[in-house]
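Structure record follows, encoded as structure tokens.
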Amino acid sequence: MERTLSIIKPDGVSRGLIGDVIKRFEGAGFRIAAMKMIYLSKKEAEGFYAVHRERPFFQSLTDFMSSGPILIMVLEGEDVIQHNRELMGATNYKEAKPGTIRADFATDIEKNIVHGSDAPETAATEIAYFFNSLEIVGSIEQNP
Ligand code: UDP
Ligand code: MG
């Protein structure tokens, strides 16, 4: 069983797409193990995207990510990291496969609705950036 961090970005929240996105996650059989809505400060957005600090889009990206509320989730399932990336589609919505979240909803390479961790190590770091262990709930089988 694997866990990944998912974010519905400010564009997804402000455009009323929370339900559409979560419907796809549940439809894919992912279990939502944690969820909360937060509003990142610029500094918090910079911390989250620190790996992209040197990239030309870093300032714009962190301005965007701190421009409105976001919904953050821990998703759980078998191979959920890769599976979620497939549901999301390519970073650039113009290259995303039809039927993916980004192909269907994104309007811009930056404003692309969702974030998803890209590997087990980044998933662990990203989940820990937002959630403490008590905020991540187990399934019926996992609950002691
Ligand atoms: N991004 C951007 N311009 C680019 C590449 C990325 O604005 O040329 C933004 C976009 O919002 C993307 C985020 O930066 O989702 C992080 O980039 P990454 O390459 O990690 O893409 P992702 O993992 O989100 O598909
Ligand atoms: Mg990434």
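Side notes on the structure shown:
- Expressed as a whole percent, the accessible area of the chain that falls on carbon and sulfur atoms is 54 (1.4 Å probe).
- The distance between label points at Met35 and Asp63 comes to 3.2 nm (points 7 Å beyond Cα on the Cα→Cβ vector).
- Spatially proximal lysines relative to Lys23 (Cα-Cα < 24 Å; intrachain offsets below 8 disregarded): Lys9, Lys36, Lys94, Lys97, Lys111
- Across the protein chains, with a 1.4 Å probe defining accessible surface, the residues Val114, Val51 rank Val51, Val114 from largest area downward.
- Spatial separation of Cα centroids for the stretch 44-87 and the stretch 93-144, in angstrom: 8 Å
- Residues of the chain: accessible area per residue with a 1.4 Å probe, Å²: 54 Å²
- Structure-based [θ]222 nm, the chain - -39500 (n - 2.57) summed over DSSP H runs of at least 4, per residue, nearest 500: -10000 deg cm²/dmol
- Counted residue by residue at 0.36 nm each, then reduced by the alpha carbon distance between them, the extension gain from Ile18 to Val137 reaches 40.8 nm.
- When the Gaussian network model of the chain links Cα atoms closer than 10 Å, the mean-square fluctuations of Glu110, Glu54, Glu26 top out at Glu54.
- Charge dipole magnitude, Cβ of K and R +1, D and E -1 - the chain, Cα centre, debye nearest 20: 400 debye
The values are calculated or read from the model by the stated rules, or taken from the named source; none is laboratory data. Only a predicted model underlies this, so the values are computations on that prediction, with no experimental measurement involved. As a convention, Cβ positions derive from the backbone with ideal geometry for all residues, glycine included, and neighbour counts pool all protein chains shown. Calculation scope for accessible area: heavy atoms of the full protein, side chains included, ligands and nucleic acids excluded. Shrake-Rupley method; radii C 1.70, N 1.55, O 1.52, S 1.80 Å.
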